[in-house]
Structures are given as structure tokens and as C-alpha cells.
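Heads up: the structure comes next, in C-alpha cells.
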Amino acid sequence: QVRLVESGGGLAQTGDSLRLSCAASGRTSDIYVTGWFRQTPGQEREFLTAITWSGDETPSTGSVKGRFAISKDNAKDTVYLQMNNLRPDHTAVYLCAVKTSFAIRTSTTAYNYWGQGTQGTDSS
């Protein structure tokens, strides 16, 4: 079992930055990939970016391409999402998830464990 806790969300102004954290506990040795997703009301969860245990990552996609970046600290079992140059349409609940099998995937069904999410809001 792996438990994930996100933190770092909050209110921001357009153009601000936020750094989200995803702290893992439990059987962290089972984690191969950690991904970040976001969700807005009435919409499906959208894949943003992911990183493997060894540090291979997939670039952020879509409207967050070039604005959001993923990193990790293995010693802390924590993965980060750096969000720069925020815009109002970046308002969402941000969730991290992990998968215990090989290879980065963008589908939510590929991930085994999910955090509860943290709200990121552009209050401009």
C-alpha cells in the first residue's frame, strides 16, 4: 500500500508561481512512476506530466507545456510540480498518482494509488 499526500496549493495571482508537493509513504519501494494530473468540475482528470523512479520524465503537455515542471527528491519520497506563470485557467484540483509498473502512461487507469488532491486557484 502506498499513501500520497499533496500540499502546496492555494491562492495565486496571474503570473505567480506555486510549487506542489506529493509525499509518499508506505511501500514506496514499489513506486515506478509518479504522475501529476488536474481536474476541474465536470471534467475528466487531465494528465500533466510524470517522472520515473530513475528520473526519466515526460514534458508537461497542453496548456501547461513549458510552464509546469516535475522534479523529485528520492531521499524524501517526494515529487514536486513547479507551476510558473499561472493563469486563471490553471485553477483546478491537482492530484498526484503513482504506478508500480514499468513505463510512463498518461491514462488515469494505469495508476494504482492517488492522493486526495490540492486546490490551486488563480484569484485574479
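Quick notes on this structure:
- Residue list for the range 82-109, filter: over 15 Å from residue 20 (Cα atoms), at pLDDT 95 or above and aliphatic (A, V, I, L, M): 98
- Restricting the range 1-18 to residues that are open to solvent by 20 Å² or more (accessible area, probe 1.4 Å) and small (Gly, Ala, Ser), the residue that is nearest to residue 96 (Cα to Cα): 7
- For the range 107-124, taking the residues that are in a strand (DSSP E or B) and of a type outside the set (A, V, I, L, M, F, W, C), the one that is farthest from residue 11 (Cα to Cα) is identified as 113.
- Consider the range 77-96 and keep the residues that are part of a strand (DSSP E or B) and out of contact with any Leu (no Cβ under 7 Å at 6 or more places or on another chain). The one that is surrounded by the most Cβ atoms within 10 Å (Cβ to Cβ) is 79.
- Going through (1) more than 21 Å from residue 13 (Cβ to Cβ); (2) assigned to a strand (DSSP E or B); (3) not aromatic (Phe, Trp, Tyr) one by one, residue 104 falls short only on (2).
- Some residue of the range 69-86 being acidic (Asp, Glu) and free of Cβ contacts under 8 Å to residues at least 40 places away in the same chain: yes
- Residue check, residue 21 open to solvent by less than 60 Å² (accessible area, probe 1.4 Å), within 11 Å of the chain's Cα centre (by Cα) and at pLDDT below 95: no
- Given (1) of a type outside the set (A, V, I, L, M); (2) within 20 Å of residue 111 (Cα to Cα); (3) not in a strand (DSSP E or B), index of the condition residue 15 fails: (2)
Here's the yes/no breakdown for (1) loosely packed, with under 13 Cβ neighbours inside 10 Å; (2) closer than 19 Å to residue 113 by Cα; (3) modelled with pLDDT of 95 or more; (4) charged (D, E, K, R):
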site: 26; (1), (2), (3), (4): no, yes, yes, no
site: 44; (1), (2), (3), (4): yes, yes, no, yes
site: 55; (1), (2), (3), (4): yes, no, no, no
site: 68; (1), (2), (3), (4): no, no, no, no
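- Selection over the range 97-124 of residues that are farther than 15 Å from residue 58 by Cα, touching a residue at least 24 places away in the same chain (Cβ under 8 Å) and out of contact with any Leu (no Cβ under 7 Å at 6 or more places or on another chain) gives a count of 8.
The values are calculated or read from the model by the stated rules, or taken from the named source; none is laboratory data. Predicted, not measured: the structure shown is a model, and the values here were computed from it. With ideal geometry, Cβ positions are generated from the backbone for all residues, glycine too; neighbour counts draw on all protein chains shown. The area values use the complete protein model at the heavy-atom level, side chains included, leaving out ligands, DNA and RNA. Shrake-Rupley method; radii C 1.70, N 1.55, O 1.52, S 1.80 Å.
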